[in-house]
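The values are calculated or read from the model by the stated rules, or taken from the named source; none is laboratory data. Remember, it's a predicted structure, so these values are computed and weren't measured experimentally. Glycine also receives a Cβ, built like all others from the backbone with ideal geometry; neighbour counts cover every protein chain displayed.
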Amino acid sequence: MQALQIYAGPVARKALAANGLSPSDIGTIPGAAGGPKGLILGALDRFIFGNWLLQSRQTVNLVGASIGAWRMSTGCLNDPVSAFQRLEHDYIHQHYELAPGQKRPTAEFVSEEFGKNLQAFYGGRVDEVLNHPRYRLHVVTSRGRHVLAAEQKLRTPLGYLGAFLTNTVHRRAMGAWLERVVFSSPGAGGTAAALPFGTGDYRTRQVLMTAANFNPALQASCSIPFVLKSVHNIPGAPPGAYWDGGITDYHLHLNYPAVQHHGLHDATNSGAAPALSMGSKGQNTLNPGLVLYPHFQKAVVPGWLDKGLKWRHKATHFLDTMVLLAPNPEWVKTLPNGKLPDRTDFTHYGNDLAGRVKAWNGACSASQQMVDEFAQWLDRPDMARVQGL
C-alpha cells in the first residue's frame, strides 16, 4: 500500500508537469500546528533538510505554528538530521506524571516543564537559528486583544467563546479578539525578513526575532489555551498574552501567491517598536518559488476554531503554488491504534509512558515509507500520482 499522497495547486501542478520538482524550486516550507500528528513528518523533515535541500542554494522561508514552529526552528540548526532525531525523541518521551484520580496535569505545570525542555533543546544554539545562511524562520503566535489581552480565570474562557462565535460568522472578524503576530529571523540589514505571504486576509503584526525573544515566542506558539499558560510580555513585542499560533493559523492556509503578484499589504500595527508595519505601498522582493508542505492530511484548515467548519477546509487560490505531501488515509489505518499520534493519547495512556512511546515510535518508524516513495517520485516524476489540492 502506498504511504504517500502528493497534491498540488494548479500553478504548482503545471510546474511539476513541465519540470518535475527540484530543491531549487522551493521558496517556502510551512509547518502546521497539530501536536503529536506532526511526528509522522519526522522522516520527511530529516530527508528534506538533511539531504534534498542541501542540493540547492536559494533562500527558503520556513513558516511554523505550534509543533510546526518547533520543527521549522529545528531545521535551522546545524546537523539538522541529528536535531530532528532529538526533537522526535524528546517529544515522544515528554511525560507529565498524574496524581491518583488526576486526568490531566495543570497548565502551570505543563508550561513550566515545556519551557525547561525548550531551554535544554536550544540552549547555546539560538544563533544557529537566527543566523542561518539560507533559512528565514517565521514563528506564528496568536496575541490576545481586549478581553483576551491578559489571561484570567473568568475573562479568558469568555474571550475565547466570543472569538469562537465571531469566527463562525467571519474569520477576519475574529481579529477583534486575537491577532496574528509573526516573529521573523533577521533578513537584509538586520531587520525582520520579509514574510513569504500576503497579510490582507487577517489582522497581522511582524516582530524581529532576537536571542531575547526566541524562546518566549516559540513557547507561545506552542501554548494551547487551557493546556498551557499563555506567555506574557515577550521582549520586543507589543504587550499582552500570546498563545498557540494554531489558533489564528492552524494549518497556515496563507496567501502565498501574494508575494508574487501584489507584495505585502494591509497588515496592521499599532504597537511598540521594533514591531514592523507593512503598508499598502510596501513590496516584497522575494523570489517566491513553490511552497513545499509536508502535512499530515490533505485539508489545510485556516484556524483552530475552523476545525468543525467543514466549508473552510477546501483549497483556495492561496494554495495555488503549493505542493503538499501527506500520508495516505488508508495507510494511516495500518499504524498503531489505526491513527496518527494525537493529543488524546496522553489521556488514553495516562501514566503508561512505555505504551505511548511504543505506539508513537511505531508510527514514526513506519513513516520512512513516505520518504522512500517521495525520493522515488523525485527521481521519476509521475503526474498520475499528483492529485489536485
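Quick look at the numbers
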item	result
Residue in segment 224-235 that is in contact with a Leu (Cβ under 7 Å, 6 or more places away or on another chain) and crowded, with 24+ Cβ neighbours inside 10 Å present	no
Number of the exception - ARG155 against (1) modelled with pLDDT under 95; (2) within 25 Å of GLY27 (Cβ to Cβ); (3) surrounded by fewer than 23 Cβ atoms within 10 Å (Cβ to Cβ); (4) of a type outside the set (Gly, Ala, Ser)	(2)
Where a residue in segment 75-103 is surrounded by 12 or more Cβ atoms within 10 Å (Cβ to Cβ) and its partner, wherever it lies, is in a helix (DSSP H, G or I) and among the basic types (Lys, Arg), with Cβ under 6 Å and at least six apart	VAL81/ARG46; PHE84/ARG46
So ASP45, is it of a type in the set (Asp, Glu) and buried (at least 21 other Cβ atoms within 10 Å of the Cβ)	yes
Some residue of segment 174-182 being among the basic types (Lys, Arg) and over 18 Å from the mean Cα position of the chain (by Cα)	no
Subset tally (residues that are under 14 Å from MET322 (Cα atoms) and either of a type in the set (Val, Ile, Thr) or surrounded by fewer than 15 Cβ atoms within 10 Å (Cβ to Cβ) (or both)) for segment 23-33	3
Which listed residue, of LEU148, LEU178, LEU130, LEU137, is surrounded by fewer than 20 Cβ atoms within 10 Å (Cβ to Cβ) and not aromatic (Phe, Trp, Tyr)	LEU130
Residues located in segment 141-194, provided they are under 26 Å from SER73 (Cα atoms) and hydroxyl-bearing (Ser, Thr, Tyr)	THR141, SER142, SER184, SER185, THR191
Which listed residue is among the hydroxyl-bearing types (Ser, Thr, Tyr) and within 15 Å of the chain's Cα centre (by Cα), from SER230, SER223	SER223
Residue in segment 316-327 that is assigned to a loop (DSSP other than H, G, I, E, B), over 21 Å from the mean Cα position of the chain (by Cα) and over 28 Å from HIS93 (Cα atoms) present	no
Failed criterion for GLU108 (all others in (1) under 21 Å from the mean Cα position of the chain (by Cα); (2) in contact (Cβ under 8 Å) with a residue 40 or more places away in the chain hold)	(1)
Test result for ASP249, assigned to a loop (DSSP other than H, G, I, E, B) and within 17 Å of the chain's Cα centre (by Cα)	yes
